[in-house]
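Colleague: Please find one structure pasted underneath; my questions will follow.
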Amino acid sequence: MTFKYNNPSHSKKVVSAVLAGMMALSTGGAAMAAESTEAEQSQTAAVSNTTAPAGLFSDIKVGYWAEKHVYKLANQGILLGNNGLFRPGDAVTQQEAVTMAIRFMNQEGQLNDSTAAALPTNMEVGNYFKPYVALALQLGLIDKTEESTADVSKTSWGQKPASREWITKLLIRSLNKEAEAKAQNSQSTGFADDASISEDGKGYVNLAVSLELAKGVEGNKFNPTGSVTRAQLATFFSRGEALTETAYPNTFTGYVTGLKDGQISMLVDGKAMNFAVNTSTPYFTKDSETRAAAPNVQLYTKVQVVGSAGTAAYVEVMDATPQVESVEGTFARSLSGNKIGIFVGENYETYGYDEATAFIDQNGNAIKLSDITADSIIEVQRETFSPDKKTVAIRVKSGIVNKSDSGVIAEVSTTGKTIKFTNAAGTTEQFVYGDNLIIRYQDRILSLAELKAGSAVKYTVKDSVLQTIELSQGVEQSVRGTLVEIGGNQSTLTFKREGGSLEAKLLAENPEVVINGIQDATLNDLITDATNGDQVELTLNGEDRVTKIQVIGRQMEPMNGASVVSYNSKTKVLTVLDSNKKPFVFTLDDKTKLDYNTTKPTLAGLESLLNEGRKLDLTYVGTRALSVKVIYKYEGTLSGIDTNKKTISLLSGNQTITVPYSTVPTIEIYNKSGAGLGDLKIGDKVTVTLGSNQDYVQKVSLNTVAQFEVVSVETNGRVRVKSDSLTSQFYVDQAVLTGESGQSIMTSQLTAGNLINVTFEGTTPKAVQVVKRTLAEVTSVDATSVTLKLFNGQSETVPVSGAVKVIKSGSTLTTLNSLTVGDRVEMTKDTDNSTRFRVMTIMSKQFWSYDGVGNQILVKRESTSDTNYRFALGTGVFVHQGDNTLSVQSLKDNDNIVLYLLNNVVMEIQKQ
């Protein structure tokens with residue numbers, strides 16, 4: 001069977017876009033629209049009256065996964081609705097599928113109502129669809145003989161849901177490849193349900209698979225009788241448009257030549273066109289299913305607009321790369337006739353410009369041609385999509401600048417020795433500074449560190465170098481010293497500055513007080529004393545008032561192993577004997593840090609334990625108790641277990657502590673159930689928990705460290721992790737969490753993919769440390785160091801001493817010479833502080849498509865039995881071609897790529 005029309009046949013790529021999703025998807029992941037299919041209800045009138053642009057379908061909301069395709073197809077007239085509904089999840093009927101195919105191929109001009117009589121008697125369809133089905137029979141899209149024998153006992157032929165096998169036949173025939181399909185009818189499809197595929201359908205399935213257009217569903221099945229939704233079928237046609245030469249009368253593809261408020265100007269096939277846009281105009285990009293912002297449309301990029309009467313109803317960026325070329329040279333002079341002369345190497349060349357040409361200085365600010373001085377290095381940018389190659393911009397790359405201006409500090413870069421300003425005109429400019437830069441506020445000379453983003457300034461530039469910066473107002477600064485006194489009305493603060501001078505400062509309203517270990521600290525929590533006061537860092541605002549007080553050192557005294565003599569709950573007075581039987585009296589208050597065997601200690605709960613003889617550890621200043629800890633456990637190194645005397649000894653600090661047990665205590669070890677005393681070894685780090693009377697061992701917890709990769713983090717503090725492909729979970733809401741640099745973090749700051757070291761006390765996480773992961777390419781290696789090229793292009797030489805682990809091809813090796821130049825590695829520290837390199841797996845593939853929803857890429861299969869063609873992308877995956885960084889969306893069908901994977905997750909994609 002062959003085509004009977006003259007439209008260009010669809011390419012293999014078209015069906016790849018159209019069929020691949022249908023066969024590959026099991027639960028939807030694409031988009032399309034629908035026809036009116038209300039049974040026998042004046043279909044012609046109903047359908048014509050329900051034609052509506054996408055966005056008016058009440059069951060398609062902004063953000064719906066099919067929104068992009070619905071917008072485009074509806075505005076192209078390919079897609080119709082019914083009473084304002086799209087019904088995306090409905091199974092597409094055979095008459096709808098045929099109608100969509102005719103419209104997609106732009107063959108509606110061949111419809112003829114008189115041809116309806118040509119339908120076989122059992123091919124009952126709605127009146128509206130009869131011409132479409134008749135034309136499909138004429139064009140060879142469906143086989144009259146096959147359809148005459150179709151089972152229509154349960155529903156009419158037209159209302160019958162289109163099956164996966166039936167859709168496969170429809171699309172393969174639309175490619176004029178029926179002969180190739182029939183040639184493969186005798187071959188098994190290789191699917192587990194091959195017997196369920198009709199004998200004359202196997203060739204179509206085989207061809208679709210061999211063309212890498214189709215795959216099975218779960219369980220290696222094809223599911224030939226499964227249905228296809230309206231949304232899925234619409235997406236296949238929408239995506240196929242990019243690969244077909246079919247033209248639609250209201251669809252225009254060209255290059256952006258102008259962007260103004262409310263208008264996009266384009267050059268389409270050599271013709272200038274303007275389209276009105278507004279805040280409701282939907283914008284998309286070719287490689288994403290979700291809406292984009294209007295700024296994604298840039299000058300000289302390739303864009304497709306669907307619209308009529310000069311108004312854009314749909315805008316899609318087809319290629320975000322500006323189509324411009326650049327010529328760099330030395331500016332000579334301006335010429336008559338809107339031309340400039342420049343030296344390009346030794347050649348003198350002239351370039352024209354017009355009123356649309358932008359003149360830009362080295363900071364990106366608009367200038368006039370007259371502002372460009374002779375001998376300045378300039379770049380002439382010309383568009384490449386028209387024969388005229390008009391000059392779109394003339395940019396100064398380097399030239400002499402002498403000026404004075406005012407503005408706001410935007411950024412200070414000590415690395416590049418540059419300062420960026422937003423000047424009085426609202427534009428941004430950047431200048432280098434030298435060692436002679438003078439920065440001042442009134443009569444005070446400031447350091448570079450005191451310049452803050454957002455500060456209002458005046459500045460002077462000579463020979464393109466910053467000379468002076470004068471602040472219009474004071475800046476925030478920090479000073480350190482010893483806290484001496486807080487004024488009686490808490491409006492002033494006196495401190496002894498580092499270096500010896502005594503100073504007084506006004507306090508801002510409600511200054512922030514930060515004291516480690518005291519939540520919601522106030523001024524009353526500060527310790528003032530000329531000799532032993534808190535060591536503090538004060539933050540002063542531009543008015544020289546104290547806005548923040550952070551305690552960085554506190555001269556408190558410790559007392560370990562004290563015994564309670566008495567406690568008065570009314571006066572909060574605690575009397576104790578220290579380890580030398582010397583008496584001390586302390587006062588507790590609601591700011592005293594408490595610690596006893598509970599996760600949420602309270603003063604009331606502590607008071608019930610302060611009976612005579614109770615052992616405590618304290619810290620204090622004068623008679624004020626800063627912390628009180630009821631000794632309910634000891635931490636240290638296990639030094640002995642005497643099963644005859646029933647004692648356990650451990651070295652804690654500088655003393656050996658021996659504690660008896662009456663019955664064998666509980667032994668708690670992470671990831672080991674039913675542990676006993678025999679599982680403990682001398683030298684182990686342990687925590688010994690005492691009974692309620694502090695007189696015997698209740699539990700011994702082995703302190704261990706394990707490394708995991710975070711899978712997910714829940715709001716209740718539960719973290720799901722994996723190690724060696726095994727997953728587990730635990731709560732970290734009571735643990736101390738630190739980031740890569742040792743800074744305190746919240747549970748919410750842990751993210752999937754983080755590598756963490758977890759310190760367990762038995763089975764309880766006590767500390768979580770995020771492990772620094774360095775992903776890079778090995779550029780050189782010797783016995784003591786490795787040089788890496790990081791994904792940001794920087795090079796780093798890492799000295800490696802002590803133990804090293806190289807995990808490569810499933811083996812763990814212990815020498816650096818196991819690494820080779822070109823290896824992609826993940827470098828981390830293991831729990832024993834050894835340096836660990838995990839070498840990535842390498843695969844060479846051909847790119848197929850990107851799944852933005854699942855953050856995966858699909859590659860071309862090497863054979864029909866190849867099931868390893870879908871790969872998850874790691875966070876921040878590095879995509880590049882040589883030294884040029886790319887986006888994953890920029891990859892195209894059939895691109896040759898090299899994948900670098902860790903645990904089957906892609907960390908780097910190198911385009912060949």
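The values are calculated or read from the model by the stated rules, or taken from the named source; none is laboratory data. What you are looking at is a predicted structure, and each value in this text was computed from that prediction instead of being measured. A quick note on method: Cβ atoms are made from the backbone with ideal geometry, for glycine too, and the neighbour counts reach across all protein chains shown.
Colleague: Here are THR637, THR663: which of them is part of a strand (DSSP E or B) and not charged (D, E, K, R)?
Modeller: THR637 is the lone residue from the list that is part of a strand (DSSP E or B) and not charged (D, E, K, R).
Colleague: Out of the residues in region 473-506 meeting the condition of being in a loop (DSSP other than H, G, I, E, B) and in contact (Cβ under 8 Å) with a residue 40 or more places away in the chain, tell me which one is surrounded by the fewest Cβ atoms within 10 Å (Cβ to Cβ).
Modeller: Ranking the qualifying residues of region 473-506, first place goes to GLN473.
Colleague: Can you run down the residue pairs with Cβ atoms below 7 Å, 6 or more apart or on separate chains, where the first is in region 185-197 and within 11 Å of GLU165 (Cβ to Cβ) and the partner is hydroxyl-bearing (Ser, Thr, Tyr)?
Modeller: ILE197/THR189
Colleague: Follow-up. Filter region 322-373 down to residues that are in contact with a strand residue (DSSP E or B) (Cβ under 8 Å, 6 or more places away or on another chain) and part of a strand (DSSP E or B), then give me how many there are.
Modeller: Matching residues across region 322-373 total 27.
Colleague: How many of the residues in region 544-558 are among the aliphatic types (A, V, I, L, M) and surrounded by fewer than 19 Cβ atoms within 10 Å (Cβ to Cβ)?
Modeller: 2
Colleague: On to the next question. Provide a single number: the residues in region 289-318 that are surrounded by fewer than 17 Cβ atoms within 10 Å (Cβ to Cβ) and of a type outside the set (A, V, I, L, M).
Modeller: 7
Colleague: Looking at region 372-389, can you tell me whether even one residue there is loosely packed, with under 14 Cβ neighbours inside 10 Å, in contact (Cβ under 8 Å) with a residue 40 or more places away in the chain and either closer than 27 Å to THR468 by Cβ or among the acidic types (Asp, Glu) (or both)?
Modeller: Yes; the residues of region 372-389 include at least one that is loosely packed, with under 14 Cβ neighbours inside 10 Å, in contact (Cβ under 8 Å) with a residue 40 or more places away in the chain and either closer than 27 Å to THR468 by Cβ or among the acidic types (Asp, Glu) (or both).
Colleague: If you don't mind, there's one more thing I want to ask. Would you mind finding the one in GLY140, GLY109 that is on the phi > 0 side of the Ramachandran plot and more than 41 Å from the chain's Cα centre (by Cα)?
Modeller: None of the others qualify; the one that does is GLY140.
Conditions tested, residue by residue: (1) surrounded by 17 or more Cβ atoms within 10 Å (Cβ to Cβ); (2) under 18 Å from THR759 (Cβ atoms); (3) not hydroxyl-bearing (Ser, Thr, Tyr).
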{"position": "GLU668", "(1), (2), (3)": "yes, yes, yes"}
{"position": "LYS672", "(1), (2), (3)": "no, yes, yes"}
{"position": "GLY676", "(1), (2), (3)": "no, no, yes"}
{"position": "ASP695", "(1), (2), (3)": "no, no, yes"}
{"position": "ALA706", "(1), (2), (3)": "no, yes, yes"}
{"position": "VAL721", "(1), (2), (3)": "yes, yes, yes"}
{"position": "ASP724", "(1), (2), (3)": "no, no, yes"}
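Colleague: Can you work out which of the residues in region 272-288 that are of a type outside the set (S, T, N, Q) and surrounded by 14 or more Cβ atoms within 10 Å (Cβ to Cβ) is nearest to ASN75 (Cα to Cα)?
Modeller: PRO282
Colleague: Related question: Just to be sure I understand, how many residues within region 327-354 are surrounded by fewer than 17 Cβ atoms within 10 Å (Cβ to Cβ) and in contact with a Lys or Arg (Cβ under 8 Å, 6 or more places away or on another chain)?
Modeller: 6
Colleague: Can you find even one residue in region 182-191 that is within 39 Å of the chain's Cα centre (by Cα), among the aromatic types (Phe, Trp, Tyr) and assigned to a loop (DSSP other than H, G, I, E, B)?
Modeller: The answer is yes, given that some residue of region 182-191 is within 39 Å of the chain's Cα centre (by Cα), among the aromatic types (Phe, Trp, Tyr) and assigned to a loop (DSSP other than H, G, I, E, B).
Colleague: Kindly list the number of the only condition in (1) farther than 16 Å from GLY77 by Cα; (2) surrounded by 17 or more Cβ atoms within 10 Å (Cβ to Cβ) that fails for PHE237.
Modeller: Evaluating PHE237 over (1) farther than 16 Å from GLY77 by Cα; (2) surrounded by 17 or more Cβ atoms within 10 Å (Cβ to Cβ) leaves (1) as the failure.
Colleague: Would you please name the residue that is farthest from GLY640 (Cα to Cα), looking only at residues in region 675-690 that are in a helix (DSSP H, G or I) and of a type outside the set (Gly, Ala, Ser)?
Modeller: ASP679
Colleague: Among the residues of region 442-476, how many are out of contact with any strand residue (DSSP E or B) (no Cβ under 8 Å at 6 or more places or on another chain) and either at pLDDT below 80 or more than 25 Å from LEU538 (Cα to Cα) (or both)?
Modeller: Total satisfying the criteria: 5.
Colleague: A further question on this structure: Can you tell me which of VAL800, VAL770 is at pLDDT 90 or above and buried (at least 17 other Cβ atoms within 10 Å of the Cβ)?
Modeller: VAL770
Colleague: Right, something else. Mind listing just one residue for me: the one in region 610-630 that is buried (at least 18 other Cβ atoms within 10 Å of the Cβ) and among the hydrophobic types (A, V, I, L, M, F, W, C) and, of those, nearest to ILE515 (Cα to Cα)?
Modeller: LEU626
Colleague: Could you list, in sequence order, all residues of region 530-564 that are at positive phi and assigned to a strand (DSSP E or B)?
Modeller: Residue satisfying the conditions is GLY561 alone.
Colleague: Answer yes or no as to whether THR666 is at pLDDT 90 or above, in the same structural domain as SER728 (by TED's automatic domain parsing) and under 51 Å from the mean Cα position of the chain (by Cα).
Modeller: The answer is yes for THR666.
Colleague: Tell me which residues, restricted to region 122-169, are over 19 Å from SER227 (Cα atoms) and polar (S, T, N, Q).
Modeller: Within region 122-169, ASN122, ASN127, GLN138, THR145, SER148, THR149 meet the criteria.
Colleague: Now for a different question. Is it true that TYR696 is in contact (Cβ under 8 Å) with a residue 40 or more places away in the chain and within 30 Å of GLY561 (Cβ to Cβ)?
Modeller: Here the answer is no, as TYR696 does not meet what is asked.
Colleague: Could I ask something else about it? For residues that are hydrophobic (A, V, I, L, M, F, W, C) and outside any loop (DSSP other than H, G, I, E, B), scanning just region 507-529, find the one that is farthest from THR587 (Cα to Cα).
Modeller: It comes out as ALA508.
Colleague: Name the single residue that is nearest to LYS302 (Cα to Cα) among those in region 381-393 being assigned to a loop (DSSP other than H, G, I, E, B) and more than 36 Å from the chain's Cα centre (by Cα).
Modeller: SER386
Colleague: Just checking, how many residues over region 394-407 are part of a strand (DSSP E or B) and either within 28 Å of THR468 (Cα to Cα) or without any contact (Cβ under 8 Å) to a residue 40 or more places away in the chain (or both)?
Modeller: 9
Colleague: Now, a different point. Which of (1) closer than 24 Å to LEU526 by Cα; (2) in contact with a Gly (Cβ under 6 Å, 6 or more places away or on another chain); (3) among the small types (Gly, Ala, Ser) is the odd one out, the single condition SER627 does not satisfy?
Modeller: With respect to (1) closer than 24 Å to LEU526 by Cα; (2) in contact with a Gly (Cβ under 6 Å, 6 or more places away or on another chain); (3) among the small types (Gly, Ala, Ser), SER627 is out only on (2).
Colleague: Please work out which residue is surrounded by the most Cβ atoms within 10 Å (Cβ to Cβ), limiting yourself to region 804-842 and to residues that are in contact (Cβ under 8 Å) with a residue 40 or more places away in the chain and basic (Lys, Arg).
Modeller: Checked region 804-842; the qualifying residue surrounded by the most Cβ atoms within 10 Å (Cβ to Cβ) is ARG824.
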